[in-house]
Amino acid sequence: MEKSNEIRLKKIPLRAFLEALTDIYERGVDYVDIIGVPGEEQDSIGISVKEDYFAKDEDEEEEGPLSDEDLNQLV
């Protein structure tokens, strides 16, 4: 018999959950960790976001030393 890894949280208020997800999505987050805590009357759910879960813009380049061209554009 296989052991199930399913975690079931019950009676999570959708409006607050969706508003929280929408807010962090609009701030540029692509991924979240979801934390659940079972309760007697209602379970609680939390959202955790790590720095590397934020989307990188396609135009965004990795930061590194400034090139001569970069320095010339600043002057």
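The values are calculated or read from the model by the stated rules, or taken from the named source; none is laboratory data. Just so it is clear, the model here is predicted, and its values are computed rather than measured. Backbone-built Cβ (ideal geometry, glycine too); neighbour counts: all protein chains shown.
Is there a residue in segment 3-26 that is of a type in the set (A, V, I, L, M), at pLDDT 90 or above and part of a loop (DSSP other than H, G, I, E, B)? Spell out the reasoning first.
Filtering segment 3-26 for residues of a type in the set (A, V, I, L, M) gives 7, 9, 12, 14, 16, 18, 20-21, 24.
Of the ones still in play, those that are also at pLDDT 90 or above are 14, 16, 18, 20-21, 24.
Next cut, part of a loop (DSSP other than H, G, I, E, B) only: none.
Scanning segment 3-26 turns up no residue that is of a type in the set (A, V, I, L, M), at pLDDT 90 or above and part of a loop (DSSP other than H, G, I, E, B).
Out of all the residues in segment 43-58, which are part of a loop (DSSP other than H, G, I, E, B) and surrounded by 12 or more Cβ atoms within 10 Å (Cβ to Cβ)? Reasoning before the result, please.
Taking segment 43-58 as the starting set, the residues that turn out to be part of a loop (DSSP other than H, G, I, E, B) are 43, 49-50, 55-58.
D43, V49, A55 - these are the residues of segment 43-58 that are part of a loop (DSSP other than H, G, I, E, B) and surrounded by 12 or more Cβ atoms within 10 Å (Cβ to Cβ).
Any residue in segment 13-40 that is more than 18 Å from K56 (Cα to Cα) sitting within a Cβ distance under 7 Å of a residue that is modelled with pLDDT under 90 and surrounded by fewer than 11 Cβ atoms within 10 Å (Cβ to Cβ)? List the pairs, counting only those 6 or more apart or interchain.
Close Cβ pairs (under 7 Å, with a partner that is modelled with pLDDT under 90 and surrounded by fewer than 11 Cβ atoms within 10 Å (Cβ to Cβ)) amount to G36/I7.
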